[in-house]
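Asks: Got a structure for you, written out below as structure tokens; questions coming shortly.
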Amino acid sequence: MGIRPAKCYRAFITPPYTRKEYIKGVPASKITKFTMGDPNGNFDYVFKLAVREGGQIRHNAIEAARNAAHKILADALTEQGFDLRITRYPHHVIRENKMMAFAGADRLQDGMRLSFGKPAGLAVRVNSGDSILLVRANKNNEAIVKKALRLAAKKLPLAVAVLEEKAESSNA
């Protein structure tokens, strides 16, 4: 088994770092929209992209997943044929200890163990079963929605599953 990508940010081994009023230089979230499509539409099914294991997902990965899913849904169903929502907000501030990045820097420094670091990005902390994306659509568009969610899943660093359930009411 090889090293999985995004190993530095996937697990949470420290307490959440969320008090932005005490943190200088917090980067802005790259997620531009949290709701797309028709939020008032009458749809009969809800499709969720749920994580299978706990971990952290960076804000740029969620934005990439949103863009991928929205492009497929908007092209195939138009904006009135679905309701796409991001269900988590990136509150956790990720810190990074900057190292020298020029030729020969590996011989000059080893770095400091357990260094605090400076703000480098934002992340969502999720547990097993939490949903990241939610799509409301009609049953006859199931194949298109599942295709969009499978493509969005490839942009995320954690293992995910596409869940399908009947909507409870007309405006869930």
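Asks: From Leu133, Leu149, Leu122, Leu158, which residue is within 22 Å of Phe34 (Cβ to Cβ), of a type outside the set (S, T, N, Q), under 14 Å from the mean Cα position of the chain (by Cα) and part of a loop (DSSP other than H, G, I, E, B)?
Replies: Only one candidate qualifies: Leu158.
Asks: Does region 55-64 contain any residue that is buried (at least 18 other Cβ atoms within 10 Å of the Cβ), modelled with pLDDT of 85 or more and polar (S, T, N, Q)?
Replies: Yes, the conditions are met somewhere in region 55-64.
Asks: Taking Met100 and the conditions (1) modelled with pLDDT of 90 or more; (2) in contact with a helix residue (DSSP H, G or I) (Cβ under 8 Å, 6 or more places away or on another chain), which numbered condition does it fall short on, given that it satisfies the others?
Replies: (1)
Asks: Next up: How many residues are under 15 Å from His91 (Cα atoms) and among the basic types (Lys, Arg) when one looks only at region 25-46?
Replies: Matching residues across region 25-46 total 1.
Asks: Just need a number here: residues in region 19-36 that are surrounded by 14 or more Cβ atoms within 10 Å (Cβ to Cβ) and of a type in the set (S, T, N, Q).
Replies: Counting residues in region 19-36 that are surrounded by 14 or more Cβ atoms within 10 Å (Cβ to Cβ) and of a type in the set (S, T, N, Q) gives 1.
Asks: Oh, and also: When Val93 is evaluated against the numbered criteria (1) within 15 Å of Gly25 (Cβ to Cβ); (2) surrounded by fewer than 16 Cβ atoms within 10 Å (Cβ to Cβ); (3) modelled with pLDDT of 80 or more, which criterion, by number, is the only one it fails?
Replies: Among (1) within 15 Å of Gly25 (Cβ to Cβ); (2) surrounded by fewer than 16 Cβ atoms within 10 Å (Cβ to Cβ); (3) modelled with pLDDT of 80 or more, the lone unmet condition for Val93 is (2).
The values are calculated or read from the model by the stated rules, or taken from the named source; none is laboratory data. Since this is a predicted model, take the numbers as computed values, not measurements. Heads up, the Cβs are rebuilt from the backbone with ideal geometry, glycines too, and the neighbour counts pull from every protein chain shown.
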